[in-house]
Amino acid sequence: QVGSMGIHYDLTERKQLEEELATAKHIAEEARQAEKQFLANMSHEIRTPLNAIIGMSHLLFDTQPSRQQREYIDILKTSADFLHSLISDLLDMTKIEAGRVEVHPRVFDLSGLLRATQKVFEMKLEQRPITIDVMLDARVTGDFVGDDVMLNQILLNLVGNAEKFTEEGSIEITARVRKEEENTCWIEFAVADTGIGIPAEKLGLVFQKFKQVNPQGHKHKGTGLGLAITKELVELQGGTISVKSRSGQGSTFTFTLPYARANTLPDPKNSPEY
Ligand code: ADP
């Protein structure tokens, strides 16, 4: 008798606890969603006036400012640009965490994209003792199917960091075919620099949000979000990313992505829907 009552009591109590836990989880999830929504809205609200500030500061240059005024406008522009990249990172991260970023594959010219990245940075690095090279394995030719916008963002983040943390030497972008299966071509990309490097004990932290690991970090403005976003973008596409580095010698970020070769896709003319 007593035994069975005990069991009955246990069951009721357990059920109650489970219900309370479920309610608590529900409240926590709602709060998380509300926070994400708030961040996303704010980011949009901030972008619009910010774009006006950036646009106007560019226009001010055309109004024949004095040397002193030019200096002020320069500060205005630099600050607005920094705020813009900060907001962009925050918005990107918010979107990713809310599960609102999707992979959009399309046919694109991979080697062309890599050369375009090289050109962009060649211009930026013109006045500095840093060369930028692209090396492709012979099989990285032709059209591929993948999200070229995401690949572009990943490369801009990694090469942007390489440029930020390198005083002199070189930045090398390489791409090679790692494995080729029937429908999937795994391409390994690497961005290597001869910069300040990352201390061994900090290597595990660089892909975490808001982490800035170099002791000279204060010299470089940043959000600490770039690599966290980069990792998410790689993983969203089914890829992986890693880093090797030596303090004072440089860093190499390597990521692998699966693509289809455009010429292996069925010809749409032969498909029934055509
Ligand atoms: P941010 O560049 O905005 O600080 P990231 O997430 O892009 O944020 O990078 C995180 C940190 O990792 C950087 O602050 C820097 O300390 C380190 N780091 C990233 N890339 C490099 C690199 N190529 N060389 C040296 N340190 C790097």
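The values are calculated or read from the model by the stated rules, or taken from the named source; none is laboratory data. Note that this is a predicted model, so its numbers are computed, not measured. Methodologically, a virtual Cβ is constructed for each residue, glycine included, from the backbone with ideal geometry; neighbour enumeration extends over all protein chains shown. When the accessible area is computed, the model is the full protein with side chains, heavy atoms only, and any ligands, DNA or RNA have been set aside. Shrake-Rupley method; radii C 1.70, N 1.55, O 1.52, S 1.80 Å.
Key figures for this structure:
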| quantity | calculated |
| --- | --- |
| Selected residue [in contact (Cβ under 8 Å) with a residue 24 or more places away in the chain, more than 10 Å from the ligand (Cβ to nearest atom) and crowded, with 20+ Cβ neighbours inside 10 Å] from 196, 187 | 187 |
| Whichever residue in segment 90-107 is open to solvent by less than 80 Å² (accessible area, probe 1.4 Å) and either at pLDDT 95 or above or hydroxyl-bearing (Ser, Thr, Tyr) (or both) and, among such residues, is nearest to residue 33 (Cα to Cα) | 94 |
| In segment 199-208, the residues that are assigned to a loop (DSSP other than H, G, I, E, B), within 8 Å of the ligand (Cβ to nearest atom) and open to solvent by 30 Å² or more (accessible area, probe 1.4 Å) | 207 |
| In segment 230-264, the residues that are open to solvent by less than 20 Å² (accessible area, probe 1.4 Å) and either without any contact (Cβ under 8 Å) to a residue 40 or more places away in the chain or under 16 Å from the mean Cα position of the chain (by Cα) (or both) | 230, 233, 234, 239, 253, 255, 257 |
| Among (1) within 16 Å of the ligand (Cβ to nearest atom); (2) open to solvent by 30 Å² or more (accessible area, probe 1.4 Å) - the single one residue 160 does not satisfy | (2) |
| Unique match (being away from the ligand (no atom under 16 Å from the Cβ), of a type outside the set (Val, Ile, Thr) and either without any contact (Cβ under 8 Å) to a residue 60 or more places away in the chain or within 30 Å of residue 32 (Cα to Cα) (or both)) among 110, 60, 114, 86 | 60 |
